[in-house]
1. So which residues in the stretch 280-296 are buried (at least 19 other Cβ atoms within 10 Å of the Cβ) and not in a strand (DSSP E or B), if there are any at all?
2. Given the residues ALA183, ALA165, which is the only one that is surrounded by fewer than 19 Cβ atoms within 10 Å (Cβ to Cβ) and under 30 Å from ALA319 (Cβ atoms)?
3. Could you list, in sequence order, the residues of the stretch 77-118 that are out of contact with any Phe, Trp or Tyr (no Cβ under 8 Å at 6 or more places or on another chain) and away from ligand 1 (no atom under 14 Å from the Cβ)?
4. Since ARG320 meets every condition but one in (1) surrounded by 13 or more Cβ atoms within 10 Å (Cβ to Cβ); (2) free of Cβ contacts under 8 Å to residues at least 40 places away in the same chain; (3) within 16 Å of ligand 2 (Cβ to nearest atom), which condition does it not meet?
5. I'm told PRO132 meets every condition in (1) in contact with a His (Cβ under 9 Å, 6 or more places away or on another chain); (2) in the same structural domain as LEU62 (by TED's automatic domain parsing); (3) more than 30 Å from ASP300 (Cβ to Cβ); (4) part of a strand (DSSP E or B) except one. Can you identify the failing condition by its number?
6. Mind telling me which of the residues THR41, THR82 ends up being among the hydroxyl-bearing types (Ser, Thr, Tyr), in the same structural domain as PHE217 (by TED's automatic domain parsing), farther than 24 Å from LEU245 by Cβ and not in a loop (DSSP other than H, G, I, E, B)?
7. Being within 16 Å of ligand 1 (Cβ to nearest atom) and either under 16 Å from VAL57 (Cβ atoms) or surrounded by 15 or more Cβ atoms within 10 Å (Cβ to Cβ) (or both) narrows it down to one residue among LEU128, LEU158, LEU150; which is it?
Amino acid sequence: MLQDAQIALGRQLLDYIDTRSTAMAPDLYLQPVDEYVSHATAAREQQRLFRALPMCVGMSGLLAQPGSFQTHDVSGLPLLLTRNEQGRVQAFLNVCRHRGARVAEQCGKARALVCPYHAWSYDMNGKLKVRPADGAFDGAPHESLGLTPLATAERDGLIWVMPRAQDSLDLDTHLGALNAELASFKLAGFHHYETRTLTRRMNWKLLLDTFLESYHFCVLHRDSICSIFYDNLGAFDHWGPHFRLVSPRKSIEEIRGEQAPRWNLMPHIVSIYVLFPNTVLVWQLDHIELWQIHPGATPDESITLLSLYTPEPAHSEAARRHWNKNMDLVVHVVENEDFPVGEGIQRGFHSGAQDSILFGRNEPGLIHFHRSVSAALGA
Ligand code: FES
Ligand SMILES: [Fe+2]
């Protein structure tokens, strides 16, 4: 994080601790229940959020080497990401131009991707190279039958794709002033450790809501993370629809004895960035959790990729034990504590108990997120 931001945040958080307060929105907010269950809303979200905005598909470490490839299906689009021999990341639709089979599965390293159906083969730039019985396709030139490319960018360690083939990608406009803050994390140097897929009977926004307040820390998480963090206490800042929530660890007390210009806040906070609409990037002590949260087949379902990126490659057994422990802890907390409550909420939405739920002034992240969704949907 930028040093100026760390100093400002450090002062803010110590003040919240001293005054037993937290970031507050000006007003409380009524969030319509319908937006979590409506098929019409889900269809509008697909169109205006999930197909129209740049989509973060991972960090650079996902495609560590030239020649590596990775499939990505969580958005409902069959994506194929590659890093070519020159190191450039590109994205394609994972759809063979012969009769539409998937050209690649999972991930790996290759010089060419050979379709499993009739062996048309494509290079890492998506160009059609070899076609068995080539003469049978006279009149359909190779040049016109490359994999369908999508606009792609790799910036400051994050990989972005435009979901619609006709759209161009403008990250300057999309991220705005958040660019500088993201660059300060030097994410390009991180290594992909593991990705897990979490499917839940919760609307994607409800799953994302899990991250957006610390009001529940010492109630729902009294036996897990409550002892590490302050309850109902955190900073909130936003850049357009994107925003950051910072919760201090109890260890933040250690910085009180030091001069502010020398503060290193990072070991003492968890910093949550919501990259609108559906990516949550979490700075945890020394590593990154990247959450890609997508709608499922119905408004009551979501599918999420949770990836862990580490500052060093995990070569040793001890390193793997360490990172497995981190991954298991976060999955344990969300799967056993947050998400069961969320699934109960989703079921309750259908009961007719109330038309809206309430976000308190102490939950500014929730308010900002849902206002931003409404604005993007033109509601
Ligand atoms: S569908 Fe790919 S080679 Fe036929
Ligand atoms: Fe939680």
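The values are calculated or read from the model by the stated rules, or taken from the named source; none is laboratory data. Note that this is a predicted model, so its numbers are computed, not measured. Every residue, glycine among them, receives a Cβ derived from its backbone with ideal geometry; neighbour counts consider all protein chains shown.
1. Passing the criteria: only GLY296.
2. That would be ALA183, the only listed residue that is surrounded by fewer than 19 Cβ atoms within 10 Å (Cβ to Cβ) and under 30 Å from ALA319 (Cβ atoms).
3. Within the stretch 77-118, LEU77, ASN84, GLU85, GLN86, GLY87, ARG88, VAL89, GLN90, ALA91, GLN106, ARG111 qualify.
4. With respect to (1) surrounded by 13 or more Cβ atoms within 10 Å (Cβ to Cβ); (2) free of Cβ contacts under 8 Å to residues at least 40 places away in the same chain; (3) within 16 Å of ligand 2 (Cβ to nearest atom), ARG320 is out only on (3).
5. Looking at each condition in turn, PRO132 falls short on (4).
6. THR41
7. Within the list LEU128, LEU158, LEU150, the selection yields LEU128.
Yes/no per residue for (1) part of a helix (DSSP H, G or I); (2) touching a residue at least 24 places away in the same chain (Cβ under 8 Å); (3) farther than 22 Å from GLU213 by Cβ:
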position: PHE243; (1), (2), (3): no, yes, no
position: ILE255; (1), (2), (3): yes, yes, yes
position: THR298; (1), (2), (3): no, yes, yes
position: LEU305; (1), (2), (3): no, yes, yes
position: MET327; (1), (2), (3): yes, yes, yes
position: VAL330; (1), (2), (3): yes, yes, no
position: ASN336; (1), (2), (3): yes, no, no
position: PHE339; (1), (2), (3): yes, yes, no
position: ILE345; (1), (2), (3): yes, yes, no
